[in-house]
1. Can you give the FRET efficiency for D79 and D40, using 1/(1 + (r/R0)^6), R0 = 35 Å, r = Cβ-Cβ distance, to the nearest 0.05?
2. Just to check I understand the Karplus step: with θ = phi - 60° and J = 6.51 cos²θ - 1.76 cosθ + 1.60, what whole-Hz values come out for the stretch 30-41, glycine and proline as x?
3. Length gain on complete extension for the stretch D52 to S99, per 0.36 nm per residue less the alpha carbon to alpha carbon distance?
4. Once you charge only the Cβ atoms, +1 for Lys and Arg and -1 for Asp and Glu, what is the size of the charge dipole of the chain about its Cα centre, to the nearest 20 debye?
5. Provide the descending list of Cα extents for the chain along its principal axes, expressed in whole angstroms.
6. Taking the Cα centre of the stretch 38-113 as origin and charging only Cβ (+1 Lys, Arg; -1 Asp, Glu), how large is the dipole, in debye to the nearest 20?
7. Multiplying the sequence separation of A2 and S64 by 0.36 nm and subtracting their Cα-Cα distance, what value in nm do you get?
8. Projected onto the charge dipole of the chain (+1 at Lys/Arg Cβ, -1 at Asp/Glu Cβ, origin at the Cα centre), which of I80, A9, L37 gives the Cα projection farthest towards the positive end?
Amino acid sequence: MAVRAIRGATQLDADEREHLLERTTELVRAVLRENDLTGDDLISIVFTATPDVRSEFPAYAARSLGMVDVPLLCTVELDITGAMQRVVRLLMHVETTLSRADVTHVYLHGARHLRRDLSHVRTDEEPQ
């Protein structure tokens, strides 16, 4: 069993609490599903949000999924001129038998434009 890091991101249409929780929950579930993971496989999740996201902590969405014993951390992305706005990212550390090349990173909504360089990426433009 190896420790792997899985990336993911989603873009919000608006910085509204319920919308942020919905999109973040969708992202966490998609990363778990695409990599055939359960909560027991999780080591930790780091969430980041662009500085314009202030309505709620993204980690609260993971807590609402029952991840009460997984270390979660929220932080703010660098405020870079021209960067995509209203983005929530995650870096999920997991124990898995997947090789690094077989890990699927998940980018939803507008965030799909962030990482076209990765070979195993799931976006919401592809069939599930």
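Rule-based calculations on the coordinates, nothing more; no lab input. Quick caveat, the model's predicted, so the values are computed rather than measured. In this analysis, Cβ positions are derived from the backbone assuming ideal geometry, glycine residues included, and neighbour counts consider all displayed protein chains.
1. Working: r = 36 Å, r/R0 = 1.04.
Efficiency, from the Cβ-Cβ distance: 0.45.
2. Computed from phi, the couplings for the stretch 30-41 are 5, 5, 4, 4, 5, 10, 6, 10, 10, x, 5, 7 Hz.
3. Numbers: separation 47, 0.36 × 47 = 16.92 nm, distance 3.52 nm.
Contour length minus the Cα-Cα distance gives 13.4 nm.
4. 260
5. Between the extreme Cα coordinates on each principal axis of the chain lie 38, 33, 27 Å.
6. Dipole of the stretch 38-113, to the nearest 20 debye: 260 debye.
7. 19.6 nm
8. Positive-end residue among those listed: I80.
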